[in-house]
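> My questions all concern the structure below.
The values are calculated or read from the model by the stated rules, or taken from the named source; none is laboratory data. Treat the numbers as computed from the prediction; the structure is a model and nothing was measured. With ideal geometry, Cβ positions are generated from the backbone for all residues, glycine too; neighbour counts draw on all protein chains shown. Side chains are part of the model used for accessible areas, which takes the heavy atoms of the whole protein and leaves out ligands, DNA and RNA. Shrake-Rupley method; radii C 1.70, N 1.55, O 1.52, S 1.80 Å.
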Amino acid sequence: MVVDDHPMWREGVSRDLTAAGYDVVATTGEGRQAVRIAAAARPDVVVLDLQLPDISGVEVVNGLRAAVPGVRVLMLSASGEQQSVLDAVKAGATGYLLKSAALEEFLDAVGRTAAGDTVFTPGLAGLVLGEFRRLAGQPPSADTGAPRLTERETEVLRLVAKGLSYRQIAERLVLSHRTVQNHVQNTLGKLQLHNRVELTRYAIEQGLE
């Protein structure tokens with residue numbers, strides 16, 4: 001699903017996705033309408049502009065996650081401003097790509113987002129990890145019942161925190177792509193987390209990066 005208030009941009013992105021073999025189930029230029037449409041269309045991935053005319057992209061992310069649990073959101077924005085990036089990620093966006101990205105980079109980002117990877121325009125990943133490290137430096141809340149991860153789950157978690165894709169982790173550990181996905185899903189369940197961004201933050205807090 002493509003959400004952008006500029007018709008030419010929205011239509012161009014949709015054409016590029018369709019040409020690359022993706023099924024674009026819906027397009028819209030308004031945030032509230034995006035949430036309503038998503039509830040019916042059930043997209044796997046939403047390519048979302050940060051700046052919309054009615055509500056902010058961050059508000060749309062919150063609405064999308066409530067309407068379609070498990071949806072993955074790739075922010076596509078002209079703004080690389082630090083606070084915009086952090087707000088989007090904290091709201092639950094899976095990735096953040098600048099509109100200046102090349103077509104090949106954009107299509108790769110969509111594919112990686114669909115696979116569950118976190119994707120950021122070069123330079124922004126360090127910003128996000130830096131913020132998580134800052135937050136991790138704050139006094140932790142008391143936790144007497146921390147879940148126990150297996151040795152393999154911990155190994156996969158460490159590589160997730162380093163920013164490796166599922167495919168790269170599979171190659172590094174000589175595992176199948178599906179096995180790596182299963183380890184990540186099991187770890188998310190044990191830790192009661194929702195996505196790889198939260199998983200990365202947890203890993204950093206635990207000193208696993």
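> Of these, VAL110, VAL73, which one is modelled with pLDDT of 85 or more, out of contact with any Asp or Glu (no Cβ under 9 Å at 6 or more places or on another chain) and within 24 Å of GLN192 (Cβ to Cβ)?
After applying the criteria, what remains is VAL73.
> Being at pLDDT 85 or above and either within 20 Å of VAL71 (Cα to Cα) or surrounded by fewer than 15 Cβ atoms within 10 Å (Cβ to Cβ) (or both) is true for just one of VAL174, VAL197. Which residue is that?
Just one listed residue meets the conditions, VAL174.
> Right, next: Given the conditions (1) open to solvent by 50 Å² or more (accessible area, probe 1.4 Å); (2) within 20 Å of ASP117 (Cα to Cα); (3) touching a Lys or Arg at 6+ places or on another chain (Cβ under 7 Å), which single one is not true for ASP23?
(3)
> Let me ask another. Counting just the residues of the range 40-53 that are farther than 16 Å from VAL110 by Cβ and open to solvent by less than 50 Å² (accessible area, probe 1.4 Å), which one comes out modelled with the highest pLDDT?
If we take residues in the range 40-53 being farther than 16 Å from VAL110 by Cβ and open to solvent by less than 50 Å² (accessible area, probe 1.4 Å), then ALA41 is modelled with the highest pLDDT.
> Does the range 55-70 hold any residues that are open to solvent by 50 Å² or more (accessible area, probe 1.4 Å) and assigned to a loop (DSSP other than H, G, I, E, B), and which are they?
Residues satisfying the conditions are PRO69, GLY70.
> Which ones in the range 1-27 are under 20 Å from ARG72 (Cβ atoms), in contact (Cβ under 8 Å) with a residue 40 or more places away in the chain and acidic (Asp, Glu)? Spell out how you get there, then give the answer.
We begin by selecting, within the range 1-27, every residue under 20 Å from ARG72 (Cβ atoms); these are 1-4, 10, 13-14, 16-18, 20-27.
Narrowing further to those that are in contact (Cβ under 8 Å) with a residue 40 or more places away in the chain: 1-4, 13, 16-17, 20, 22.
Within the range 1-27, ASP4, ASP16 meet the criteria.
> Still on this structure: Restricting attention to the range 77-89, does a residue exist that is modelled with pLDDT of 85 or more, in contact with a helix residue (DSSP H, G or I) (Cβ under 9 Å, 6 or more places away or on another chain) and either surrounded by fewer than 18 Cβ atoms within 10 Å (Cβ to Cβ) or part of a helix (DSSP H, G or I) (or both)?
no
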